[in-house]
Amino acid sequence: MTIRFDGRVAVVTGAGGGLGREHALALAARGAKVVVNDLGAAVDGSGGATAAALAVVEQIRAAGGEAIASGASVTDAAAVQAMVDETLKTWGRIDILVNNAGILRDKSFAKMDLADFRLVVEVHLMGAVHCCKAVWDVMRAQNYGRIVMTTSSSGLYGNFGQANYGAAKMALVGLMQTLSLEGAKNNIRVNCLAPTAATRMTESLMPEAVLALLRPEAVTPGLLALVADDAPTRAILCAGAGAFERAHITLTEGVFVGLPDDAAEQVVHGWDAISDRAGETVPDSGVAQGSLETAKALRARA
Ligand SMILES: NC(=O)c1ccc[n+]([C@@H]2O[C@H](COP(=O)([O-])OP(=O)(O)OC[C@H]3O[C@@H](n4cnc5c(N)ncnc54)[C@H](O)[C@@H]3O)[C@@H](O)[C@H]2O)c1
């Protein structure tokens with residue numbers, strides 16, 4: 001069945017260019033009313049103008065869709081709240097939030113100063129927190145919400161020179177894990193998207209032939225699936241070049257050691273067994289780890 005968003009209202013942050021722009025255009029093309037948010041920042045987060053967001057709004061309107069622009073910085077909780085208030089005044093609801101705004105301040109950790117670390121965390125993590133917080137009660141009252149956090153392979157797996165970015169991006173996975181649990185009873189589904197795309201953010205990082213495969217619009221179908229009516233929840237979808245994968249935070253079965261004097265040595269000697277992925281699970285919540293551990297301890301005692 002064709003995925004449609006008629007009657008739905010979507011907020012896409014950082015939608016003045018790159019991936020966010022493609023997400024906004026695709027949502028609008030399938031019937032959503034879209035808030036195109038973008039501070040108009042340079043790739044390092046400096047500067048700011050809403051021209052980029054306005055251009056995307058114009059493009060949506062020219063194609064017969066409905067859109068409004070927002071120049072709010074996601075780092076400014078009051079400005080984000082004002083954007084949400086304005087959206088509610090205009091369209092009366094908010095069904096979809098795509099946390100996409102982002103910046104880079106890449107340096108090896110040895111050379112990175114704390115200000116560059118804090119700013120990256122502020123934009124990616126706190127920016128998403130501000131937006132989620134501002135729409136959360138709206139979505140709860142509607143008993144409907146779809147939220148996507150834009151994470152990254154840099155967070156999931158690490159990347160040289162991106163300690164700040166990777167930490168912020170993995171923090172978004174943690175935010176998703178808990179919001180998906182807390183939102184479940186109100187039909188709020190929360191997922192992560194880990195894109196790979198040729199944008200100004202990555203243009204200096206990859207060779208031309210690779211960049212040609214990584215068109216941003218090849219990621220957007222994954223985003224649409226994560227915000228559709230029958231979206232999953234608590235998923236980490238990886239997407240690039242039209243290819244899609246899932247990442248999981250897994251837990252191995254592990255071993256029981258107990259508290260003998262040589263417990264540390266047993267952990268070292270048992271490393272292969274602790275690491276053995278046979279029978280590993282994707283826990284439903286953090287409680288599963290403690291349950292697994294106490295069950296093993298009780299079994300050992302019996
Ligand atoms: N391109 C990739 O391969 C890749 C990989 C992993 C993750 N991502 C993530 O995807 C998202 C989109 O990145 P992109 O590659 O399209 O880069 P991009 O630089 O084209 O897009 C980011 C947008 O966010 C906007 N922005 C920055 N700070 C903002 C703020 N404080 N408030 C509102 N808007 C702000 C920028 O103006 C820009 O338009 C980012 O979160 C990025 O970290 C991208």
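The values are calculated or read from the model by the stated rules, or taken from the named source; none is laboratory data. Source: prediction; values computed, not measured. When we count neighbours, we look across all protein chains shown, and the Cβ atoms used for this are built from the backbone with ideal geometry, even at glycine. Only protein heavy atoms, including side chains, enter the accessible area calculation; ligands, DNA and RNA are left aside. Shrake-Rupley method; radii C 1.70, N 1.55, O 1.52, S 1.80 Å.
Only residues that are open to solvent by 50 Å² or more (accessible area, probe 1.4 Å), farther than 28 Å from V173 by Cα and either touching a helix residue (DSSP H, G or I) at 6+ places or on another chain (Cβ under 9 Å) or not in a loop (DSSP other than H, G, I, E, B) (or both) were counted across the stretch 263-302, and they come to 10.
For the stretch 155-172, the set of residues classified as more than 12 Å from C238 (Cβ to Cβ), touching a strand residue (DSSP E or B) at 6+ places or on another chain (Cβ under 9 Å) and either away from the ligand (no atom under 11 Å from the Cβ) or without any contact (Cβ under 8 Å) to a residue 24 or more places away in the chain (or both) consists of G161, A163, N164, listed by residue number. None of G258, G242, G254 is surrounded by fewer than 16 Cβ atoms within 10 Å (Cβ to Cβ), touching a residue at least 40 places away in the same chain (Cβ under 8 Å), out of contact with any strand residue (DSSP E or B) (no Cβ under 9 Å at 6 or more places or on another chain) and at positive phi except G258. Quick check: is even one residue across the stretch 31-40 farther than 20 Å from A171 by Cα and modelled with pLDDT under 95? Yes, some residue in the stretch 31-40 is farther than 20 Å from A171 by Cα and modelled with pLDDT under 95.
When M201, M206 are checked against the criterion of being within 18 Å of G20 (Cα to Cα), open to solvent by 40 Å² or more (accessible area, probe 1.4 Å) and modelled with pLDDT under 95, a single residue qualifies: M201. The residue that is nearest to A239 (Cα to Cα), counting only those in the stretch 126-154 that are away from the ligand (no atom under 11 Å from the Cβ) and aliphatic (A, V, I, L, M), is I147.
If you check M206, M201 for being within 9 Å of the ligand (Cβ to nearest atom) and more than 17 Å from T150 (Cβ to Cβ), only one passes: M206.
If I filter the stretch 181-191 for residues that are buried (at least 19 other Cβ atoms within 10 Å of the Cβ), in a helix (DSSP H, G or I) and in contact with a Phe, Trp or Tyr (Cβ under 9 Å, 6 or more places away or on another chain), do I get at least one hit? Yes, the conditions are met somewhere in the stretch 181-191. Take the residues in the stretch 124-162 that are of a type in the set (A, V, I, L, M, F, W, C) and open to solvent by 40 Å² or more (accessible area, probe 1.4 Å), then tell me which one is nearest to A288 (Cα to Cα). So the residue we want is V129.
If I filter the stretch 102-116 down to residues being of a type in the set (K, R) and in a loop (DSSP other than H, G, I, E, B), which single residue comes out as nearest to the ligand (Cβ to nearest atom)?
Result: R105.
Evaluation of L223 against the conditions (1) part of a helix (DSSP H, G or I); (2) under 30 Å from N100 (Cα atoms); (3) open to solvent by 80 Å² or more (accessible area, probe 1.4 Å) shows that the sole unmet condition is (3).
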